[in-house]
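Before any comments, here is the structure.
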Amino acid sequence: MSEDWTGRRLEVELGNPGHGGFCVARHEGRVLFVRHGLPGEKVVALVTEDRGGSFCRADAVEILAPSRDRVESVCPIAGPGGAGCCDYSHATLDAGREMKSFVVAEQLRRIAGIEQDVVVEELPGTGKGTGWRSRVRLAVDPAGRPGFHRYRSLDIETFLACPQIDPSAYIGLSERSWQPGAEVQIVLDADGNRHVVEIAPAKVSRTGRRSPGRRGATARRAASSGTRAERLVIGSGRPVERVGDREWQLAATGFWQAHRGAAGTYASVVGEWAQPSAGDNVWDLYGGVGVFAATLADQVGVTGRVDSVEFSKQAVADGTAALADVPQVHLHAARVERALHDLPTPDVVVLDPPRTGAGREVVDTIVAAGPQRIVHIGCDPASFARDVSLFRAGGYRLEQVRAFDAFPLTHHVESLALLTR
């Protein structure tokens, strides 16, 4: 077993970005995953975690030879030892997108065996990379103070200053006392109204395990089976969101794309790529409140059918209310893997799975159904590449890839693929 390097300061040169918000460096035959640096920089890296093996984690705590893409950090609580929110806040927006482009292309190459150039595109409303977020969820520390988790830690940074969301989101929150262990959901909706909800702490079962409630580790969307009590603290009514001329009223803790420009942009790409004809059957999987279903319904017309499957009962109820005037849309509250066998054979499939991806079972079922076109949306480059690889093994060809900077100042990126049979 190798010596534990935790706490050591190592002078290294940073290489390419890796999936997860770090750059790769090497020292004495081992790999370092170094956060807060940029490719090509020479830095002093402080090892923060070493579990043995071939790699360890580190923070760039001193920049000896800075990149020309380096800027003063936009986020006052990011950086070594800080919150895990803005891991690219020390880079220009262009440099951040270049790093994300490299990571998406690298994951496609390594996992799917695809050589594909990828250009990460800016979303409307990004501006300087701040204030783009419409909703955020904070943790509450044992003293009842809300804040952001530090990177890979249960500790909480209580200085509410992350610039991803407008500063008005934080007004008055630090002056209130919250339930220790609870979460605080903040939404600034399309009309500029603020909604703040306190979500009670997760319950501990008799086995000692904490219920995931609405924030299961593998689910991007709220799960309808969550039992955690919610209390509206600030605001009234329900958040309003819009895509085009259609409006949704949804639960403050329900899923909606975080970036204000994301939902409309993705819906536009889905419509352009899916291209269903009048009378076609379409599957919209992990469909949320039906944003994509609304676009697809216009394309298939009243003689076609769109089946949208979403696990969250609340999301399905909100989507049903918003799309009450579109009889060709049928929303199902069910797990995708259980619902597919009962749906009519699709001509087109659109899927937007959680961060873990759709996986082999769902992909194999879609392949067996034989749609002509598949539009796949993924928020994690590795699981996105795995799903693309599975579709290719099932006889589909990757036609196009687009990627969007849906989370400026962070390493996160949204990728979309068009696959044809």
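Tabulated data
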quantity	calculated
In the range 52-90, residue least open to solvent (accessible area, probe 1.4 Å) [restricted to those that are part of a strand (DSSP E or B) and among the basic types (Lys, Arg)]	Arg57
All positions within the range 270-306 that are touching a Ser or Thr at 6+ places or on another chain (Cβ under 7 Å) and assigned to a loop (DSSP other than H, G, I, E, B)	Ala278, Gly279, Gly287, Gly290
One residue from Thr218, Thr227 being open to solvent by 60 Å² or more (accessible area, probe 1.4 Å), at pLDDT below 95, within 22 Å of Gly288 (Cα to Cα) and within 22 Å of the chain's Cα centre (by Cα)	Thr218
Pair list, Cβ under 7 Å, 6 or more apart: the range 238-267 residue among the basic types (Lys, Arg), other residue open to solvent by 10 Å² or more (accessible area, probe 1.4 Å) and not in a loop (DSSP other than H, G, I, E, B)	Arg238/Gln249; Arg246/Ala294; Arg246/Ala322
Residue count for the range 158-196, restricted to those that are under 14 Å from Ala252 (Cα atoms) and of a type in the set (Gly, Ala, Ser)	3
Sole residue being of a type in the set (Asp, Glu) and in contact with a helix residue (DSSP H, G or I) (Cβ under 7 Å, 6 or more places away or on another chain), chosen from Glu115, Glu122, Glu106	Glu115
Boolean, Ala202 is modelled with pLDDT under 95, open to solvent by less than 50 Å² (accessible area, probe 1.4 Å) and either closer than 28 Å to Arg97 by Cα or in contact with a Ser or Thr (Cβ under 6 Å, 6 or more places away or on another chain) (or both)	yes
Those residues of the range 1-23 which are more than 23 Å from the chain's Cα centre (by Cα) and closer than 21 Å to His412 by Cα, in sequence order	Leu14, Gly15
Some residue of the range 330-338 being in contact with an Asp or Glu (Cβ under 8 Å, 6 or more places away or on another chain), among the acidic types (Asp, Glu) and not in a strand (DSSP E or B)	yes
Residue list for the range 120-150, restricted to those being in contact with a Ser or Thr (Cβ under 9 Å, 6 or more places away or on another chain), more than 17 Å from Phe407 (Cα to Cα) and open to solvent by 20 Å² or more (accessible area, probe 1.4 Å)	Ala143, Arg145
Odd one out for Val348, checked against (1) aliphatic (A, V, I, L, M); (2) in contact (Cβ under 8 Å) with a residue 40 or more places away in the chain; (3) closer than 30 Å to Thr410 by Cβ	(3)
Residue match in the range 43-51 (condition: under 14 Å from Leu14 (Cβ atoms), buried (at least 18 other Cβ atoms within 10 Å of the Cβ) and charged (D, E, K, R))	no
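The values are calculated or read from the model by the stated rules, or taken from the named source; none is laboratory data. In this text the structure is predicted, and so the values were computed from the model without any measurement. Using ideal geometry, Cβ is built from the backbone for each residue, glycine included, and neighbour counts are taken over all protein chains shown. Surface areas here come from the heavy atoms of the whole protein model, side chains and all, with no ligands, DNA or RNA. Shrake-Rupley method; radii C 1.70, N 1.55, O 1.52, S 1.80 Å.
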